[in-house]
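The values are calculated or read from the model by the stated rules, or taken from the named source; none is laboratory data. If you're wondering where the values come from, they're calculated on a predicted model, not measured in any experiment. No Cβ is skipped: glycine too gets one built from the backbone with ideal geometry, and neighbour counts run over all protein chains shown.
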Amino acid sequence: MKKSFCIWILCSLLIMLFAATSFAAAGEKRVVLGIERIDEPFAKQLLAGKRLGLFTNQSGVDSKLRSSTELLQKSYNLTALFVPEHGLFGAVAAGETFESHTYKDIPVHSLYGENRRPSAKMLDEIDTMVVDIQDVGIRHYTYFSSLAYIMEECAKAKKQVVVLDRPNPLGGAMQGPVLKPEYKTFIGLYELPLRHGLTIGEFASYINATQHIGCELAVVPMKGWSRRELWQDTGLPWIQTSPLIPTAATAFLYGATGVSGDSNLSVGVGTAKPFYFLGAPFADADAVKAALDEKHLAGVAFRAARFTPRYGTYSGELVQGVEIYLTDVRRVNLPELDYILFTTFKGLYPEQVKTPERGYGSKGYKLDIALGESSLREGEAPETAFARWHQECAAFAQQVKPYLLYK
């Protein structure tokens with residue numbers, strides 16, 4: 001009896017110790033952002049005594065939700081802000097321009113207005129450009145392009161660029177087609193896969209070398225992030241990166257429907273769940289769900305859905321289609337899912353599904369620009385396109401390998 005009691009006590013202590021250890025581990029911050037390292041000695045060498053510009057928006061915060069603007073003001077001489085599409089607070093709709101202004105007596109320069117590059121006059125206000133902004137991991141998101149233009153102009157003006165690194169919310173997976181040169185635009189400047197797998201610091205390092213930008217570049221890396229980690233693994237709060245990406249989960253759906261959204265299909269913009277849907281007034285929700293269910297796609301499920309967008313495509317009209325559920329995001333190839341969704345609708349409604357031209361005097365098709373090639377619009381068989389994409393991504397992974405900062 002005494003022996004059994006001792007064994008029981010020992011087991012109880014081991015359970016308590018394990019629980020305490022697990023709780024402590026769960027409470028630890030696993031990823032340290034670049035912005036959280038600005039007071040470390042090597043960062044001080046880069047930033048102290050300099051007039052700093054900051055390329056950022058509302059997504060530039062630390063793990064305690066303190067803005068990078070506030071943190072740099074506290075420790076250094078912040079003299080100017082530079083902001084991309086959607087503005088400093090992420091309140092400007094996609095594609096809408098905005099003018100420069102001031103914030104807390106700091107000049108705020110618009111890089112999505114009359115000019116998309118910082119002017120020589122703007123750069124005269126600074127010695128070093130600091131970058132702290134959250135990307136979403138998909139090539140046709142414009143923050144990477146704004147950064148590229150900044151790097152080019154800073155190289156000309158002989159201004160250093162310091163990138164405070166952040167996670168790729170989609171992890172390090174590289175998927176989809178590599179951009180073809182003839183489809184380069186502001187929503188895709190370089191030959192990256194659609195799901196590019198890079199952090200903003202890795203992207204900057206890669207283009208600086210391969211595109212011969214020649215910028216004096218430094219990256220303040222994160223601590224504790226690995227390429228396998230998705231946003232939900234980081235322990236960090238998600239800040240809406242733009243008006244239609246309110247959650248980290250939305251970033252995944254953006255990767256799964258963002259290309260189809262450049263056709264005449266609705267992806268749910270104008271509803272409470274942008275990018276979660278695909279539909280049209282001419283579709284039958286049950287027929288679409290049945291056609292997609294027959295494909296037995298791994299990691300994804302569909303619900304027959306009806307919705308009425310409050311604005312955007314088919315505003316005020318009843319739209320039928322599906323709501324998309326990513327049940328296991330690690331098993332889903334996002335660009336391939338987008339391709340399958342569009343081709344399924346096209347197969348069901350070949351006369352009604354359209355791919356609009358870009359308009360405004362620009363040649364080409366919106367769908368091609370978003371995808372980075374014409375395969376989807378031209379009806380290339382999915383299995384043929386996907387096999388080619390896998391080869392392109394494998395080649396890109398080898399090319400970018402010297403510039404990766406994380407395993």
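When the residues of region 125-145 are filtered to those that are surrounded by fewer than 24 Cβ atoms within 10 Å (Cβ to Cβ) and polar (S, T, N, Q), which remaining residue is modelled with the lowest pLDDT?
Among those residues, the one meeting the criterion is T142.
Just one of the numbered conditions (1) within 26 Å of the chain's Cα centre (by Cα); (2) touching a residue at least 40 places away in the same chain (Cβ under 8 Å); (3) surrounded by fewer than 19 Cβ atoms within 10 Å (Cβ to Cβ) is not true of R358; which one?
Condition (2) is where R358 drops out.
Please specify each residue of region 205-240 satisfying the condition of being in a helix (DSSP H, G or I), touching a strand residue (DSSP E or B) at 6+ places or on another chain (Cβ under 9 Å) and closer than 17 Å to G171 by Cα.
If the condition is that a residue be in a helix (DSSP H, G or I), touching a strand residue (DSSP E or B) at 6+ places or on another chain (Cβ under 9 Å) and closer than 17 Å to G171 by Cα, then no residue fits.
Okay, residues lined up against (1) in contact with a strand residue (DSSP E or B) (Cβ under 9 Å, 6 or more places away or on another chain); (2) under 18 Å from V219 (Cα atoms); (3) at pLDDT 95 or above:
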| position | (1), (2), (3) |
| --- | --- |
| I35 | yes, yes, yes |
| I38 | yes, yes, yes |
| A43 | yes, yes, yes |
| L47 | yes, yes, yes |
| L54 | yes, yes, yes |
| S63 | yes, no, yes |
| R66 | no, no, yes |
| L72 | yes, yes, yes |
| N77 | yes, no, yes |
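Evaluate the following for T250: is it at pLDDT 95 or above, more than 20 Å from G34 (Cβ to Cβ), of a type in the set (S, T, N, Q) and within 12 Å of the chain's Cα centre (by Cα)?
Yes; evaluated as a whole, the condition is true for this residue.
Would you point out the residue of region 288-322, among those that are charged (D, E, K, R) and part of a loop (DSSP other than H, G, I, E, B), that is surrounded by the fewest Cβ atoms within 10 Å (Cβ to Cβ)? Give the steps one after another, and end with the answer.
Kept after step one, since they are charged (D, E, K, R), are these residues of region 288-322: 289, 293-295, 303, 306, 310, 317.
Narrowing further to those that are part of a loop (DSSP other than H, G, I, E, B): 294-295, 310, 317.
On the way: E294: 9, K295: 12, R310: 11, E317: 12.
The qualifying residue surrounded by the fewest Cβ atoms within 10 Å (Cβ to Cβ) is E294.
Taking V319 and the conditions (1) more than 26 Å from G137 (Cα to Cα); (2) within 19 Å of the chain's Cα centre (by Cα), which numbered condition does it fall short on, given that it satisfies the others?
Here V319 meets the rest and fails (2).
In the set V319, V329, V353, which member is under 23 Å from E380 (Cα atoms) and touching a Phe, Trp or Tyr at 6+ places or on another chain (Cβ under 8 Å)?
V353
Please go through region 126-159 and give me each residue that is under 16 Å from T56 (Cα atoms) and not hydrophobic (A, V, I, L, M, F, W, C), ordered by number.
T128, D132, Q134, D135, Y141, T142, Y143, S145, S146, Y149
If you go through region 374-403, how many residues are in contact with a strand residue (DSSP E or B) (Cβ under 6 Å, 6 or more places away or on another chain) and either at positive phi or of a type in the set (V, I, T) (or both)?
So the answer is 0.
Which one of these is in contact with a helix residue (DSSP H, G or I) (Cβ under 9 Å, 6 or more places away or on another chain) and more than 19 Å from T199 (Cα to Cα): R51, R66?
R66
Could you grab me the full set of residues in region 249-274 that are in contact (Cβ under 8 Å) with a residue 24 or more places away in the chain, surrounded by fewer than 23 Cβ atoms within 10 Å (Cβ to Cβ) and of a type in the set (A, V, I, L, M)?
A249, V269, listed by residue number.
For region 284-293, enumerate the residues that are out of contact with any helix residue (DSSP H, G or I) (no Cβ under 7 Å at 6 or more places or on another chain) and in contact (Cβ under 8 Å) with a residue 24 or more places away in the chain.
Within region 284-293, the subset out of contact with any helix residue (DSSP H, G or I) (no Cβ under 7 Å at 6 or more places or on another chain) is 284-286, 289-290, 293.
Across region 284-293, the qualifying residues are D284, A285, K289.
Looking only at residues that are of a type in the set (A, V, I, L, M) and not in a helix (DSSP H, G or I) in region 332-377, which one is farthest from M174 (Cα to Cα)?
Checked region 332-377; the qualifying residue farthest from M174 (Cα to Cα) is V353.
Among the numbered conditions (1) in a helix (DSSP H, G or I); (2) over 20 Å from N264 (Cβ atoms), tell me where K407 comes up short.
Exception for K407: condition (1).
Would you point out which residue out of L164, L123 is assigned by TED's automatic domain parsing to the domain that holds G60, more than 15 Å from S59 (Cβ to Cβ) and in contact with a strand residue (DSSP E or B) (Cβ under 8 Å, 6 or more places away or on another chain)?
Just a single option satisfies the conditions, and that option is L123.
Going by the structure shown, is A298 touching a helix residue (DSSP H, G or I) at 6+ places or on another chain (Cβ under 6 Å), of a type in the set (G, A, S) and not assigned by TED's automatic domain parsing to the domain that holds H140?
For A298, the condition - touching a helix residue (DSSP H, G or I) at 6+ places or on another chain (Cβ under 6 Å), of a type in the set (G, A, S) and not assigned by TED's automatic domain parsing to the domain that holds H140 - is met.
If you check every pair at least six apart or on different chains, which have Cβ atoms under 6 Å apart with a residue in region 296-308 that is over 10 Å from L278 (Cα atoms) first and a residue that is among the polar types (S, T, N, Q) and not in a strand (DSSP E or B) second?
Every condition considered, the pairs that remain are G299/T327; A301/T327.
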